[in-house]
1. Filter region 403-446 for residues that are small (Gly, Ala, Ser) and not in a helix (DSSP H, G or I); which is modelled with the highest pLDDT?
2. Being surrounded by fewer than 19 Cβ atoms within 10 Å (Cβ to Cβ) and touching a strand residue (DSSP E or B) at 6+ places or on another chain (Cβ under 7 Å): is that true of residue 170 here?
3. Just to be sure before I move on: is residue 96 surrounded by fewer than 15 Cβ atoms within 10 Å (Cβ to Cβ) and out of contact with any Phe, Trp or Tyr (no Cβ under 8 Å at 6 or more places or on another chain) in the structure I sent?
4. Residues of region 330-388 being modelled with pLDDT under 85, in a helix (DSSP H, G or I) and either surrounded by fewer than 17 Cβ atoms within 10 Å (Cβ to Cβ) or touching a Lys or Arg at 6+ places or on another chain (Cβ under 8 Å) (or both), which ones?
5. Could you give every pair whose Cβ atoms fall below 6 Å, whose first residue belongs to region 351-367 and is in contact (Cβ under 8 Å) with a residue 40 or more places away in the chain, and whose second residue is basic (Lys, Arg), counting only separations of at least 6 or pairs across chains?
6. Residue by residue through region 121-143, note down the ones that are of a type in the set (A, V, I, L, M, F, W, C) and surrounded by 18 or more Cβ atoms within 10 Å (Cβ to Cβ).
7. Could you go through region 103-114 and let me know if any residue there is under 30 Å from residue 388 (Cα atoms), surrounded by fewer than 19 Cβ atoms within 10 Å (Cβ to Cβ) and under 31 Å from the mean Cα position of the chain (by Cα).
8. Considering only residues of region 307-323 that are more than 16 Å from residue 225 (Cα to Cα) and not charged (D, E, K, R), which is modelled with the highest pLDDT?
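The values are calculated or read from the model by the stated rules, or taken from the named source; none is laboratory data. These numbers were taken from a predicted model, which means no experiment stands behind them. Here the Cβ positions follow ideal geometry from the backbone for every residue, glycine too, while neighbour counts run over all protein chains shown.
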Amino acid sequence: MLAEDTIAAISTPPGEGAIAVIRISGPQAPAIADSLFARANSTRPLLERVLHFGCIRNQEGRLDDGMAVVFLAPRSYTGEDMAEFHCHGGVLVASRILEAVLRAGARVAEPGEFTRRAFLNGKMDLTQAEAVMDVIRASTSLALRAAEEQLSGRLGREVEEIRSHLLRTVAHVEAYIDFPDDGIEPHTGERLLDAIGQIHDRIERLLATANEGRILREGVRLVLCGEPNAGKSSLLNRLLGFERAIVSATPGTTRDTIEELASLRGIPFRITDTAGLRETGDAIEREGVERAKRAMERADVIVRIVDVTRRSNFEGMEGEILALNKIDLVDREAYNRGVANSCFVAISCLTGEGVDELVTMIVAKARRDQPTDAPMLAAINTRHQACLQRARSNLQEAEEKLRNRVDPELIAVPLREALDAVGEVVGTVDTEEILGEIFSTFCIGK
């Protein structure tokens, strides 16, 4: 499905840099590139997939020295004719070249329109198109690796296999619709139930990756809480590897929540340092305590820091990790006897002792106690999850009707709906509204 119009955009980030890339896609792309580019020592047209050096110019004259390359359909990113100018990376020079391209017959591309055309032209499925933005936004090596796996088509292939099995099951049921006098025979019904059950299991396995997908794309909400001067800000600085929060012996130094992004074992964490939890008459500090409590309500993982030099008994709330800080200042046997929480670790924010063990516990808690070295690949996003949950519900309805030996027509309906729901994941059904939402989040030029 090749587009009738030609689009263009600056594909590199705004600002100064070594080079800027102006991307053009559509039927006029090669002609526009030829009309604005003069090859050094040659008047011949631009050769396909060859990077040429020359002068980029408009009707008024020279704009910049740079490079040009042409890609002819279908051997291009979008699957249609494309061209690119590589010029010096100044804001003004790139804008002037884009303006010349637009005057030559192109229009400004919408966010994500290049990738949308690649999807519509069969260069990638919808999961791969979404993975393009995941690659761009990846903030850790593990998130990047997962995005690259999805971009390679791993998730799409798994969904297509599920869809293929489901399509065969729908075909078997609909075969009985052609013979209304014959119900589905018991032994055939058992085979269909087994087939639906296998599809159901594969969908469940994909749905189980939703939490990991959210972690990789959005980060884990980690909240550090505790009494004033327990060491929350010191722990934040230790986890970040630099001095972000002010550390002081004065209670109430942290009045507001402080949030920073950090990578722990390749997983992105949004770490929030909170005000010390205590009763106070100071209105500002009281507001800080309230904000700390709200942050704890939204947290995926809570680490409660306790100063072991002040107390003899230590107990955290259910589900929290208890970090006993300043362990370098006390007798080891004393804190062991005083702990009433199995999920605890002794640390010293000053020396770093125990912090690595704490990180291991945090990562395990974030991944719901899965092994911290288990792969987090082909993890579904929120949209995939919603589609697969609908498919699962439809399959459960079909199984129930099949067990009750209702008419084949009534069994086929939820199976078709499940097929459509699975198809939405990879974009094999009419998904115009979905496409608009997905690609609106893309950056211009991609």
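1. Filtering region 403-446 for residues small (Gly, Ala, Ser) gives 412, 418, 421, 423, 427, 436, 440, 445.
Pick out the ones that are also not in a helix (DSSP H, G or I) and you get 427, 440, 445.
On the way: 427: 87, 440: 73, 445: 78.
My answer is 427.
2. For residue 170, the condition - surrounded by fewer than 19 Cβ atoms within 10 Å (Cβ to Cβ) and touching a strand residue (DSSP E or B) at 6+ places or on another chain (Cβ under 7 Å) - is not met.
3. No, not satisfied.
4. Once the filter is applied, which keeps residues that are modelled with pLDDT under 85, in a helix (DSSP H, G or I) and either surrounded by fewer than 17 Cβ atoms within 10 Å (Cβ to Cβ) or touching a Lys or Arg at 6+ places or on another chain (Cβ under 8 Å) (or both), region 330-388 yields 332, 333, 334, 336, 337, 338.
5. Listed by first residue and then by second, the contacts come to 355/238; 363/265.
6. 124, 126, 129, 131, 132, 133, 138, 142, 143
7. The answer is yes; a qualifying residue exists.
8. Restricting to residues being more than 16 Å from residue 225 (Cα to Cα) and not charged (D, E, K, R), the top hit is 309.
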